[in-house]
Every structure is written in C-alpha cells, then in structure tokens.
1. Taking the options 106, 131, name whichever one is within 42 Å of the chain's Cα centre (by Cα) and in the same structural domain as residue 49 (by TED's automatic domain parsing).
2. Out of the residues in the stretch 390-417 that are in a helix (DSSP H, G or I) and touching a residue at least 12 places away in the same chain (Cβ under 8 Å), state the one that is surrounded by the most Cβ atoms within 10 Å (Cβ to Cβ).
3. Being modelled with pLDDT of 90 or more, in the same structural domain as residue 85 (by TED's automatic domain parsing) and in contact with a helix residue (DSSP H, G or I) (Cβ under 8 Å, 6 or more places away or on another chain) narrows it down to one of 186, 173, 201, so name that one.
4. Which is in a helix (DSSP H, G or I), touching a residue at least 12 places away in the same chain (Cβ under 8 Å), surrounded by fewer than 14 Cβ atoms within 10 Å (Cβ to Cβ) and under 60 Å from the mean Cα position of the chain (by Cα), of 329, 310, 301?
5. Which residue out of 363, 296, 359, 285 is surrounded by fewer than 15 Cβ atoms within 10 Å (Cβ to Cβ), in contact (Cβ under 8 Å) with a residue 40 or more places away in the chain and closer than 30 Å to residue 253 by Cβ?
6. Is the stretch 280-288 home to any residue that is assigned by TED's automatic domain parsing to the domain that holds residue 144, in a helix (DSSP H, G or I) and out of contact with any strand residue (DSSP E or B) (no Cβ under 7 Å at 6 or more places or on another chain)?
7. What are the residues in the stretch 253-265 that are assigned to a loop (DSSP other than H, G, I, E, B) and touching a residue at least 60 places away in the same chain (Cβ under 8 Å), if any?
8. How do the helices (runs of 4 or more DSSP H) wholly within the stretch 173-241 filter down when requiring 3 or more residues that are under 23 Å from residue 297 (Cβ atoms): which remain?
C-alpha cells in the first residue's frame with residue numbers, strides 16, 4: 001500500500017500536479033489540463049477502475065444505468081484530507097454544493113441529479129456533464145471523465161436513439177487532443193471480437209493517445225494452462241499495432257462496503273494474486289520481462305501518472321512562455337487599472353483631457369464644413385441628395401412640385417459640400433415658384449377699404465397690389481425658408497457625427513466615458529437648435545424687409561415717373577427695365593411700366609434742348625398729373641367696359657411685385673442670411689459655446705459624468721483582484737521550473 005498510494009515519488013508528482021493545476025485554473029482555457037476519458041461498453045468496469053484511482057469507494061457501481069451523463073471527476077491531492085471530501089458542482093453554476101457525507105452517498109446524489117435533469121429535458125441521456133470534485137490524501141491530481149457505457153440496444157422504456165446518442169456523446173468527450181483515451185474491454189472478449197475498438201480507431205487512428213485496458217483479467221486466467229497461451233493473448237499479435245501496449249487489470253469483486261484503507265489494500269492484494277497465479281499456476285509461467293509491467297492496476301496507475309507527467313514536461317516550454325506572456329499582460333492590465341483609478345479621482349486631469357478633446361473635435365468639425373477634409377474614409381460616409389432628404393425627414397419642398405435634383409445629387413457629400421448643395425437646391429425651389437391666382441374679392445376688399453382713407457384709383461390699385469404680393473410671398477417663401485433651415489441643421493448634425501467617429505479612435509481616453517460623450521452631444525445639439533431659432537428670426541425679418549423695400553421702391557417709382565421720362569425722353573418706356581416671365585411664360589413688365597403703359601402721349605413728348613429749371617418743374621408737375629389722370633381714367637374706363645379691368649391690372653402689378661421679391665430672396669437675402677446664421681457661429685464660437693456648457697460646472701457636477709456612485713470602490717476592488725492574480729501568477733512562474741523537475 002505504501003508503494004502504490006504513498007511513495008515519496010508519487011507525493012512529489014502530486015505536489016507538481018497541484019501547482020500546475022493552479023496555473024491552469026489561472027489561465028482558464030489557455031492551458032489545456034491533461035485529462036483521462038474512460039470509454040467502453042456497459043459493465044466493462046470503468047466505474048470500478050475510477051474508484052481504484054480515487055482510493056476510496058463511492059458505490060458508483062450500484063447506480064448501473066441510473067446515470068446517463070458524463071461524470072467528470074476532478075481529483076485533488078490534499079495530504080490533510082484523510083477522509084475524502086466530495087462535492088458536486090451545481091447545475092448551471094461554477095459553485096460547488098456542500099460536502100457529501102459519507103462518501104458512499106455520492107452515487108445516490110449523482111443519480112438524483114441525473115434524473116432531475118433528464119426530467120427537465122425529456123430525454124433518456126444528456127451530454128451535459130456532472131462534475132465531482134474529490135479532495136483526498138491518496139488520490140493524484142488528475143481528471144478522469146467517466147462516460148456512459150456503449151450499448152447495442154436501448155432498454156425497455158428508453159428511446160430507440162439512445163445507443164446512437166451515447167456513442168455521439170462519448171466521441172465528443174474523447175475528441176479533444178489533450179485527453180488520453182482509456183479504452184476498457186473485458187478480457188473475456190477476444191481481440192478479434194471487440195465490439196467497440198472501431199470507435200477508438202475513429203478517434204485516434206494511430207493510438208498515440210489511447211491506453212487499452214483488458215478489464216476483469218482474473219476471469220480470463222482460468223482459461224490459461226500453458227505459457228504460450230498467456231503470451232499470445234498478452235501480445236495481442238495480429239490485432240493491435242506494435243506501438244499499442246495493453247494493460248491487464250483485475251480489481252476486487254467484493255461488493256460489500258469496506259473502509260477506504262481496506263479498499264486500497266484489496267486492490268494491491270488482487271495485483272499480487274494475479275501475478276502469483278501467472279508465475280506459479282501456469283505451466284512455464286509467462287514472459288515476465290516483456291509483459292510484467294503491463295499486469296495489474298498498480299502498473300496502469302504508474303504508467304498513466306508518468307504519461308501525464310510527460311505531457312506536462314513536453315508542454316513545459318510553451319507553458320513557461322505562456323506564463324510569462326500572461327504575467328506581462330496582467331502587469332499591463334494592472335497598470336491600466338491603476339491609471340484609470342487615478343484618472344477617476346483626478347478632476348484636473350479629466351478637465352484638461354476633456355477640453356483638449358472638445359477643441360480637437362470642434363476644430364475638425366469646422367474644417368469639415370469650411371475646408372472640406374476629403375479623406376477617403378469620410379467620403380464613403382457621405383450622403384446623396386436622396387439619402388440626405390430621407391435622413392432629415394424632409395423629402396419635399398412645400399408648395400413645389402416636380403423639382404429637379406440639384407447638381408451633384410448622386411455624389412456622396414458631407415460637410416461644406418453637402419451644405420452648399422442644399423443651398424443650391426433651396427434656390428432652385430424658390431425660383432421655381434409661380435405667382436398663384438388671387439381671388440377678386442381679396443382685391444376688392446383692399447381697394448374699397450382704401451376709399452375710407454380718401455384713396456382711390458391708381459393709389460388704391462397700387463396698395464392692393466403691394467398687399468397681395470407681400471402676403472403671397474410670405475405664404476410661399478416662409479415654408480421654404482423653414483425647410484432650408486431644417487435641412488441645413490440636419491447637415492450640421494450629420495457632419496458632427498462624422499467628426500466624432502473620425503476624431504475619437506478606440507484608444508481615445510474620452511471614449512469610455514459614455515455620460516460625458518452624451519452631454520457633449522447634447523451641448524452640440526443645443527448649439528444647433530439655437531442657430532436654427534436665430535436663423536428663423538433672421539429670415540423672417542429679412543423677408544419683411546425685402547417685401548417692404550420692394551413695395552416702397554415701386555411706389556416711389558410711380559411718383560417719379562416724370563423724372564424718368566425727362567432723363568430718357570426719347571427712349572420708349574420700359575426699355576431699361578427688367579422683364580419677368582409670368583406663369584404662362586409671357587413677359588411681365590416691371591410695376592412702373594404696368595401703371596404707366598397707357599400714358600403713351602406723356603412718355604413720347606419732347607422738350608426743348610436747353611430747358612430752364614422753371615420749365616422743367618412745370619413740365620414734371622404737368623406730366624405727373626397727366627399720368628395719374630390717364631391711369632385712373634383708363635382703369636375706370638376699362639372697369640366700366642369689362643367689369644374686371646381693375647382686378648387684372650392689380651393682379652399683373654402684384655405678380656410683378658412677387659417676382660421681384662422672389663428673385664431677391666433666392667439670390668441675395670436668403671443665401672447670405674442662412675450662411676451667416678450657421679457658418680459664422682461655427683467658425684467663431686462653437687468651441688467656446690461647447691466649453692461653457694461642459695466646463696462651467698462645479699467639480700462635483702463635472703465628475704458625475706465620469707464616475708457613477710460606487711464606481712471608485714469597484715475600480716479599487718478590480719485593481720486589488722488584478723494585483724492578487726498577478727502576484728500568484730508571478731510566483732507560479734518562478735516555481736514552474738523547479739516543479740517541472742519533479743515530473
């Protein structure tokens with residue numbers, strides 16, 4: 001017993017295994033732990049062999065077919081555990097339950113866990129393993145996975161697919177290359193009649209990681225009488241390749257429970273009895289030099305321990321390199337955690353870094369609008385006109401039908417280019433507006449109301465035309481201006497997002513602070529909203545000014561007709577004035593020409609070559625009176641003759657007013673106002689406005705964007721955990737070389 005379970009060499013190995021297992025735990029899945037997967041047919045002795053490795057019995061044999069799940073037994077060598085400490089890992093958890101006392105109750109606990117799980121899944125087998133952790137002074141540090149035995153036919157009440165399900169489950173457990181396959185077959189079965197050897201050949205065709213075990217060897221001994229029979233069977237000549245070394249194991253058959261020490265003593269007693277039988281009860285004995293090391297459980301146990309030690313030794317260089325790399329990464333993680341913890345408590349550093357970030361972002365945003373910044377990655381993020389309309393939610397210009405796409409509509413533009421294209425689209429929309437029809441009742445209301453103020457004739461018609469033109473200009477142009485403002489604001493927001501994506505790389509120190517970045521985004525949105533509001537007020541004022549200015553200009557032009565006529569005495573009226581198209585495409589003379597087109601004789605009169613000032617003054621007064629009388633007389637005459645003459649004149653005059661206002665808004669006032677309201681604040685004060693919003697705060701308020709309640713404590717705990725982990729790994733790395741020699 002001392003030689004098999006308690007020898008000094010085994011203890012040194014156990015200690016090495018324990019330390020290396022600790023390293024593997026620290027690595028997680030980075031370091032593959034050598035494990036053993038026991039496979040074979042039902043009742044081939046896998047569970048009894050498992051109990052032999054453990055050094056104590058837990059009555060798993062009594063379960064028989066009660067468990068249909070893989071059983072992962074993690075053996076932990078603990079010199080202080082003279083009594084086994086066994087615990088089952090809880091389902092769907094990394095935690096282990098309380099110790100199972102006595103250890104012989106482990107099998108019943110496994111069976112209960114299996115039945116509960118299968119009741120939930122509705123199957124008869126499950127690939128989800130049960131994990132048993134066994135800490136004991138007489139077991140090695142290794143992991144054995146006991147799999148359900150292969151069967152040819154399902155039992156009554158089980159699904160027909162049960163044999164295939166078990167086969168697939170076992171293959172999955174034995175497939176990983178770091179696992180040794182322990183294949184058990186009863187010695188009473190001839191090598192040529194093996195039912196499951198083909199499974200091993202599929203998993204490990206060259207048997208490089210397979211150990212073949214002929215179990216229940218004591219049953220076969222009764223059939224041997226002479227040496228040649230024994231040697232032929234032990235060699236498996238013609239059935240197993242030369243590199244395969246089978247082991248022949250017999251274990252105690254006594255099913256009555258006994259103490260752990262008695263169990264270990266019985267195992268070694270059976271080994272001695274088998275060897276004695278071969279030596280003394282077989283005629284000529286057997287080839288002990290060739291096969292002696294393959295007889296008995298003790299030799300199998302030592303061989304597996306040596307194989308595992310060899311695997312650890314073979315992996316030692318890579319393991320050491322992995323340990324060093326992991327230590328370096330842990331040190332870097334620890335330094336980063338220290339830096340973050342310091343930054344979370346250093347408001348000055350955070351303010352400095354945040355200010356720098358805001359300045360860079362505002363600068364990039366301004367350059368993208370004003371200078372272009374045409375980098376390839378940004379160009380790919382631009383929008384076509386249709387995409388831009390869809391993103392802004394404004395797909396139409398109010399009151400405009402059939403508007404053609406602006407130049408460069410299919411190009412992916414952003415920033416200043418997209419801004420300019422949108423401006424061009426707005427101008428096209430404005431200039432496509434036609435003067436709408438005006439109800440005669442509207443004109444009559446204005447003209448007749450003028451009579452209460454003592455006005456009439458041409459003055460009333462002129463006032464009506466002005467009011468109609470101004471009302472129509474405001475009604476049609478204001479929606480277009482509001483749409484332009486919203487579209488341009490959408491371009492700004494899109495450009496800001498591109499600037500954020502471009503200016504904030506993965507390693508930017510501000511990227512992890514979600515709350516701060518959200519506040520920065522809100523600050524920019526607020527700036528744009530204020531620009532929109534200011535711009536809306538400006539364009540309304542500019543439109544008011546534009547309509548009033550044109551009304552006054554046209555009115556004054558009417559009153560100063562004589563001056564114009566004197567200066568261009570021999571020039572036909574209207575020759576130097578702009579001619580505008582009406583809705584039907586016909587030319588519309590300017591309002592001055594409309595009012596005075598009937599005063600033909602006045603405009604064609606000649607004057608002396610060197611008139612005196614008195615003569616000129618008299619002539620102007622006379623022409624003025626004649627023009628007004630002619631206009632009023634013509635309108636009255638036409639009204640009497642046609643009924644709607646005055647309405648037509650007012651309509652034509654209003655249309656001329658409208659066209660002049662439209663052209664002024666499209667080409668002069670609106671573009672200048674829109675650009676000034678958006679671009680000037682961005683280039684002049686965006687960074688300042690953002691900084692005031694973000695940094696004109698108390699330290700406590702500012703830090704609330706970077707640290708949630710309890711965040712510092714969490715960072716302290718994380719830093720401390722990393723420090724402990726790094727310290728343990730460094731100690732493990734330092735001890736590794738010394739421990740490897742014990743293998």
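The values are calculated or read from the model by the stated rules, or taken from the named source; none is laboratory data. It should be emphasised that the depicted structure is a prediction, and the values quoted were computed from it without experimental measurement. Counting neighbours? That spans all protein chains shown, and the Cβs are built from the backbone with ideal geometry, glycine included.
1. Values: 106 fails: within 42 Å of the chain's Cα centre (by Cα).
On inspection, the qualifying residue turns out to be 131.
2. Quick first cut of the stretch 390-417, residues in a helix (DSSP H, G or I) only: 390-392, 415-417.
If we keep only those that are touching a residue at least 12 places away in the same chain (Cβ under 8 Å) as well, we get 391-392, 415-417.
On the way: 391: 14, 392: 19, 415: 26, 416: 19, 417: 19.
Top of the filtered list is 415.
3. Values: 173 fails: in contact with a helix residue (DSSP H, G or I) (Cβ under 8 Å, 6 or more places away or on another chain); 201 fails: in contact with a helix residue (DSSP H, G or I) (Cβ under 8 Å, 6 or more places away or on another chain).
So the residue among 186, 173, 201 that is modelled with pLDDT of 90 or more, in the same structural domain as residue 85 (by TED's automatic domain parsing) and in contact with a helix residue (DSSP H, G or I) (Cβ under 8 Å, 6 or more places away or on another chain) is 186.
4. Values: 329 fails: touching a residue at least 12 places away in the same chain (Cβ under 8 Å); 301 fails: surrounded by fewer than 14 Cβ atoms within 10 Å (Cβ to Cβ).
Checking each option against the conditions leaves just 310.
5. Details: 363 fails: closer than 30 Å to residue 253 by Cβ; 296 fails: surrounded by fewer than 15 Cβ atoms within 10 Å (Cβ to Cβ); 359 fails: closer than 30 Å to residue 253 by Cβ.
None of the others qualify; the one that does is 285.
6. First pass over the stretch 280-288, keeping only residues assigned by TED's automatic domain parsing to the domain that holds residue 144: 280-288.
In the following step, the residues that additionally are in a helix (DSSP H, G or I) were identified as 280, 288.
Restricting the remaining residues to those that are out of contact with any strand residue (DSSP E or B) (no Cβ under 7 Å at 6 or more places or on another chain) gives 280, 288.
Yes, the stretch 280-288 contains a residue that is assigned by TED's automatic domain parsing to the domain that holds residue 144, in a helix (DSSP H, G or I) and out of contact with any strand residue (DSSP E or B) (no Cβ under 7 Å at 6 or more places or on another chain).
7. Pass one, the stretch 253-265, residues assigned to a loop (DSSP other than H, G, I, E, B): 253-259.
If the condition is that a residue be assigned to a loop (DSSP other than H, G, I, E, B) and touching a residue at least 60 places away in the same chain (Cβ under 8 Å), then 255, 257, 258 are the ones that fit.
8. Working: elements: 197-203, 217-221, 227-235.
Here the list reads 217-221, 227-235.
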